Amino acid sequence: MTEDNGIRLQKALAQAGVASRRSAELLIEQGRVEVDGAVVTEFGTRVDPAVSVIRVDGERIPPTSAHAYLVLNKPRGVVTTMADPQGRPCIADYVQDREERLFHIGRLDTDTEGLLLLTNHGEFAHRLAHPSYEVSKTYVAEVDGNVKPVVLRRLLDGVHLEDGEARADTVKVTAEIKGRTLIQITLHEGRNRIVRRMFDAVGHPVKRLTRTAIGPVRRGNLHTGELRELDPKELGQLLDLVDL
């Protein structure tokens, strides 16, 4: 890479907020920095932060970008659209102060709450929503009845739905309360109302459903209705998951 089409690696690390330039030089000297899969130890190495895949201690460092990457903890009763002709609460109500023209990645049913990603990066959104990249999603479902181990096994082995078989990656009971059961379920499926349909198929209708994780992005302390930017580690992991 010539001097005209790149910047020094230590400057790229500093711009990404990894370390000061002097500390970045130390990381390079220690062999802890990779560029496009190769360890770099030369201070004069030049990179294009928008194209080069840079890692420190194996973790992807996303470049500074004009794109926005956000996560919303969607409340129950909010429609997953950016406008609603019926005047119902929708996603746009939570991003009206943002300058970017944002759109949501995938959707959640109106009665489902939890994590929803928003961005203005079209290719990122396309890949993240595409089933070939198999980004996992975790939910907590409150279902009717006491769920027996044999039912959990059915969810793992696969249940037949009208549009094909669906199976969970992991499933576990987290609590039982007054004839209802709380179950944490993780799957790569993205079909419409897939979690609700799976539990209907095994005889335990969902009463309340919350998405608590999308790949490496966790709800954590994000309150219902709150919006935040993805942190660099989350974004780096998602970029890796979708090969960007």
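The values are calculated or read from the model by the stated rules, or taken from the named source; none is laboratory data. The structure displayed is predicted, hence computed values, not measured ones. Every residue, glycine as well, gets a Cβ built from its backbone with ideal geometry; the counts of neighbours run over all protein chains shown. Ligands, DNA and RNA are excluded from the accessible area calculation, which covers all protein heavy atoms including side chains. Shrake-Rupley method; radii C 1.70, N 1.55, O 1.52, S 1.80 Å.
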> How would Val18, Val35 rank on accessible area, largest to smallest, probe 1.4 Å?
Replying inline: Val18, Val35
> Tell me, what ³J(HN,Hα) does each residue in the stretch 34-47 have, in order and in whole Hz, if you take phi through Karplus 6.51 cos²θ - 1.76 cosθ + 1.60 with θ = phi - 60° and put x for Gly and Pro?
Replying inline: 10, 10, 6, x, 10, 5, 10, 10, 9, 5, x, 4, 10, 9
>> Rolling a 1.4 angstrom probe over the protein chains, ignoring ligands and nucleic acids, what is the accessible area of Arg76 in square angstrom, nearest 10?
In response: 110 Å²
> When the solvent-accessible surface of protein heavy atoms is calculated with a 1.4 angstrom probe, in what order do Val53, Val33 fall, highest first?
Replying inline: Val53, Val33
> What accessible area, in Å² to the nearest ten, does a 1.4 Å probe give for Tyr133?
Replying inline: 60 Å²
> Restricting attention to the stretch 97-132, which GluC sites (Glu not before Pro) occupy a DSSP loop and are surrounded by at most 15 other Cβ atoms within 10 Å?
Replying inline: Glu99, Glu100
> If ligands, DNA and RNA are left out, what is the accessible area of Val95 with a 1.4 Å probe, given in Å² to the nearest 10?
Replying inline: 10 Å²
> At a 1.4 Å probe radius, carbon and sulfur cover how many percent of the accessible area of the stretch 127-217?
Replying inline: 47 percent
>> Can you return the lysines within cross-link range of Lys11? Criterion is Cα-Cα under 20 Å, with same-chain partners fewer than 8 residues away left out.
In response: Lys233
> By how many nm would the segment from Arg180 to Lys207 grow when fully extended, if each residue of separation counts as 0.36 nm and the alpha-carbon distance is taken off?
Replying inline: 8.8 nm
>> Check which residues have an amide H placed less than 5 Å from Glu226's amide H, if you skip close sequence neighbours.
In response: Asn73
> Where the accessible area of the stretch 34-97 is counted over protein heavy atoms with a 1.4 Å probe, how much of it, in %, is carbon and sulfur?
Replying inline: 49 percent
>> Probe of 1.4 angstrom, ligands and nucleic acids ignored: what's the accessible area per residue over the stretch 63-158, in square angstrom?
In response: 51 Å²
> Around Thr170, which amide H atoms from residues at least 5 apart in sequence, or from another chain, sit under 5 Å from its own amide H, with H modelled in the peptide plane?
Replying inline: Thr186
>> Based on alpha-carbon centroids, what's the gap between the stretch 16-59 and the stretch 155-210 in Å, whole number please?
In response: 43 Å
